[in-house]
Amino acid sequence: MKLDKDIDAIGDDHVGTSSETPLRKDAFKLTSSEKIDIIKDDVRHIMETLGLDLTDDSLKGTPNRVAKMFVKEIFGGLDPETKPSASTFENKYKYGEMLVEKNITVYSTCEHHLLPIVGKAHVAYISNGTVVGLSKMNRIVDYFAKRPQVQERLTIQIVKELQQVLNTEDVACVIDAKHLCVNSRGIRDVDSSTVTSEFGGQFKNKATKREFLDYIKLDTTF
Ligand SMILES: [Zn+2]
């Protein structure tokens, strides 16, 4: 059995335990509106415990607003039904070079503190005959970002999904993000950001990796 203090240490060190989001088997037994109803009461309970007066006009709507935001927005990517459809196209113009979609905005949530992770994702692939619409890459990033996350897992999930959609190993992703749990509390380091990367297939080659990093101009040695 893990002690509470060990569990706390995992969270404080931001260590993830798996590349799959840890979901229970019965995660989708309840409908979205049933979840919102339950979470609404939970949020009210937290606020009341903190001593807040929930009859105040400004606070009255907060439990429902937060519950809806959790289920429909910031954790909406837990629901496989919201996954972007995998429409791909044939690579008619035979473009065989690297395609880089950079500066994709990432809004995610740290699963250890439930505070925002805000940053940029840079995604690249080398087509083996299949291409995706550019906005599809943004949507895939957003889908996996809208979960309680650790940045490493988010990076891996984006690469795995694109590898499957594009039917190639040649996919890479770099994420550079700020964690508000680090920037605004705890050690309060306002300027630090975290860089994670996952390189598949040809991107493991030094020259290919270098080319990708040159495109995104990220001065980091991996
Ligand atoms: Zn955190």
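Where a number appears in this text, it was derived from the coordinates with a stated rule and is not lab data. For clarity, every value in this text was computed on a predicted model and none was experimentally measured. When we count neighbours, we look across all protein chains shown, and the Cβ atoms used for this are built from the backbone with ideal geometry, even at glycine.
Say the dipole of the chain comes from +1 at the beta carbon of Lys and Arg and -1 at that of Asp and Glu; which of GLY186, PHE212, ILE36 then lies farthest toward its positive end?
Of GLY186, PHE212, ILE36, it is PHE212.
Calculate, in nm to one decimal, what LYS83 and ALA207 gain on full extension: separation in residues at 0.36 nm each, minus their alpha carbon distance.
Gain in length upon complete extension: 41.3 nm.
With loop defined by DSSP as not H, G, I, E or B, and exposure as at most 13 other Cβ atoms within 10 Å, which is the longest segment of the chain clear of exposed GluC sites (Glu not before Pro)?
The answer is 98-222.
So how do HIS113, HIS179 line up by other beta-carbon neighbours within 10 Å, fewest first?
Least crowded to most crowded, the residues run HIS113, HIS179.
Normalising by the residue count of segment 88-217, find the relative contact order in percent from Cα pairs under 8 Å and 6+ residues apart.
Taking the mean separation of contacting Cα pairs over the length of segment 88-217, I get 26 percent.
Farthest toward the dipole's positive end in the chain, which of ASN91, THR55, PHE199, given Cβ charges of +1 (Lys, Arg) and -1 (Asp, Glu) about the Cα centre?
Of the options given, the answer is ASN91.
Is there a quick way to get the dipole size of the chain? I mean about its Cα centre, with the Cβ of Lys and Arg at +1 and of Asp and Glu at -1; what is the value in debye to the nearest 20?
Charge dipole, the chain, about its Cα centre: 580 debye, nearest 20.
Where the centre of each part is set by its Cα atoms, how far does segment 147-222 sit from segment 26-100, in angstrom?
23
Which of THR155, THR49, THR196 has the fewest other C-beta atoms within 10 Å, and how do the rest follow up to the most?
THR49, THR196, THR155
Mind listing P(r) for segment 88-217? All alpha-carbon pairs, 5 Å bins, whole percents.
The distribution over segment 88-217 is 2, 11, 21, 22, 18, 12, 8, 4, 2, 1, 0, given as percents.
Can you tell me how the chain classifies by the Cα gyration tensor, rounded, prolate or oblate, using a/c under 1.5 as the rounded cut?
The shape class here is prolate.
Which loop-located trypsin sites (Lys or Arg not before Pro) does segment 113-222 contain, where loop means any DSSP state but H, G, I, E or B and the Cβ has at most 15 other Cβ atoms within 10 Å?
The qualifying sites are ARG185, ARG188, LYS217.
Please compute the modelled spin-label separation between THR105 and ASP57, points set 7 Å along Cα→Cβ, answer in nm with one decimal.
With each label point 7 Å from Cα toward Cβ, the separation is 3.1 nm.
For Cα pairs less than 8 Å apart in space and 6+ apart in sequence, what is the mean separation divided by the residue count of segment 29-74, i.e. the relative contact order in percent?
52
Counting pairs of alpha carbon atoms under 8 Å apart in space and at least six apart in sequence, what relative contact order in percent does the chain give?
Rounded, it is 18 percent for the chain.
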